[in-house]
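Trainee: After the structure tokens below, expect a handful of questions from me.
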Amino acid sequence: MLIQESYVDVPTKAGGDGTMRIFLFHPSIPGYPKAKFPGVVVFSEIYQVTGPVSRFSRLLAGSGYIVAAPSSYHEFIGPEPLAYDVPGTDAGNEYKITKTLSAYDEDADLAIDTLLELPTCTGRIGATGMCLGGHLAYRCAFSPHIKAAVCYFATDIHSHSLGAGKSDDSLQRTKDIRGELVMIFGKRDNHVPGEGRDLIRKTLHEAGVEFSFYEIAGAQHAFIRDELSKGRYDPRVSGVCWAMLEELFDRRLKIDLGEEAEKEKVEDIC
């Protein structure tokens, strides 16, 4: 599978009139210009679309998905990534709680619409992301268009602290999720402590969401980032998590499952 990379600048309103750059990573099969693929919105960490996020997006595109990766901080800066250093981290964390929830949600809707408008998209859409992006993928799953979402070490869900005012409603809206979720955390992630992970899991259960929940022993925050991860990158575990993502997306996005039947009763047998 080859990849074509481009971008589109789309108008925004929720955070003030402006434009948001959405980076596109499109699979290409030579000789088949009308081939159609499912789409995936990839939300980045607080540094925007960095090298690691681009490489992650290329892997997805190479697996047969059209990827749309929005630049989350378009209200404040250009589409260029922030540096993985102290000034970049401080800026990203400040923008994260200055941007409004309505602007985050508009970004998600615009990314979904961009995919749906492509004649090469099948109309089946998923979402994924890491850190801030994991939380945004969770919120993106409130859209009825999202059939599946994979959230890597999603921050601020348990603490209701995303966006201006640090008072998001993500947990309260969990019941709006109609697609299937995979939630992935490191057991040693101090951004989302054990009690926070327990709260998210409990909320998903009570909301009746179809989900898998993984906590990786020994893993810290940002363990899938293959650059400047401060010694936390684990390539083998990242590969296992990638297999979880591929299984979900292949099953939910590449296959037309038809209407869901009534769930069969689980028998009490060995």
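Trainee: Considering only Cα-Cα distances, which of the following residue pairs are longer than 28 Å: Lys202/Lys230; Lys34/Lys147; Lys13/Lys254; Lys166/Lys263; Lys36/Lys187?
Mentor: In this structure, Lys202/Lys230; Lys13/Lys254; Lys166/Lys263; Lys36/Lys187 lie more than 28 Å apart at Cα.
Trainee: What order do you get for 150-159, 178-187, 73-82 when each peptide is scored by the mean count of other beta carbon atoms within 10 Å, highest first?
Mentor: Descending packing order for the listed peptides: 150-159, 178-187, 73-82.
Trainee: Using 17 Å as the cut-off for backbone N distance, which residues of the stretch 218-247 belong to the label zone defined by a point 7 Å from the Cα of Arg58 along Cα→Cβ?
Mentor: 225-228
Trainee: What value, in deg cm²/dmol to 500, does the helix sum -39500 (n - 2.57) over DSSP H runs of n ≥ 4 give at 222 nm once divided by the residues of the chain?
Mentor: -9000 deg cm²/dmol
Trainee: Looking at the chain only, what percent of DSSP beta bridges run antiparallel? Nearest 5 please.
Mentor: 35
Trainee: Considering amide H positions built from the backbone, and no H for Pro or chain starts, which residues 5 or more places from Val40, or on another chain, come under 5 Å of its amide H?
Mentor: Residues meeting the amide H criterion: Ile66, Val67, Ala68, Gly126.
Trainee: Quick one: compute the contact order of the chain, relative version, from alpha carbon pairs under 8 angstrom and 6+ residues apart, as a percent.
Mentor: In percent, rounded to a whole number, it is 15.
Trainee: Mind giving me the nanometre distance, one decimal, between the label points for Tyr214 and Asp250, set 7 Å out from Cα along Cα→Cβ?
Mentor: According to this spin-label approximation, the distance is 1.4 nm.
Trainee: Separate question: For Phe211, which sequence-distant residues (separation of 5 or more, or a different chain) have an amide H within less than 5 Å of its own amide H, given hydrogens modelled in the peptide plane?
Mentor: Leu181
Trainee: Could I ask something else about it? With label points built 7 Å along Cα→Cβ from the Cα atoms of Ala243 and Asn190, find their separation and express it in nm.
Mentor: For the pair Ala243/Asn190, the computed spacing is 3.1 nm.
Trainee: Additional query: Convex hull over the alpha-carbon atoms of the chain: what's its volume per residue in Å³?
Mentor: With only Cα atoms used, the chain gives 142 Å³ per residue.
Trainee: Further question on the same structure: Could you give the radius of gyration (one decimal) and Dmax (whole number) of the Cα atoms in the stretch 199-270, in Å?
Mentor: Answer for the stretch 199-270, Rg first and Dmax second: 16.8, 49 Å.
Trainee: Arrange the peptides 109-115, 10-16, 171-177 so that the one whose residues have, on average, the most other Cβ atoms within 10 Å appears first.
Mentor: Highest mean packing first, the order is 109-115, 171-177, 10-16.
Computed from the coordinates by the stated procedures, all read-outs in this text should not be read as laboratory data. Source: prediction; values computed, not measured. For neighbour counting, all protein chains shown are included, and Cβ atoms are generated from backbone atoms with ideal geometry for every residue, glycine included.
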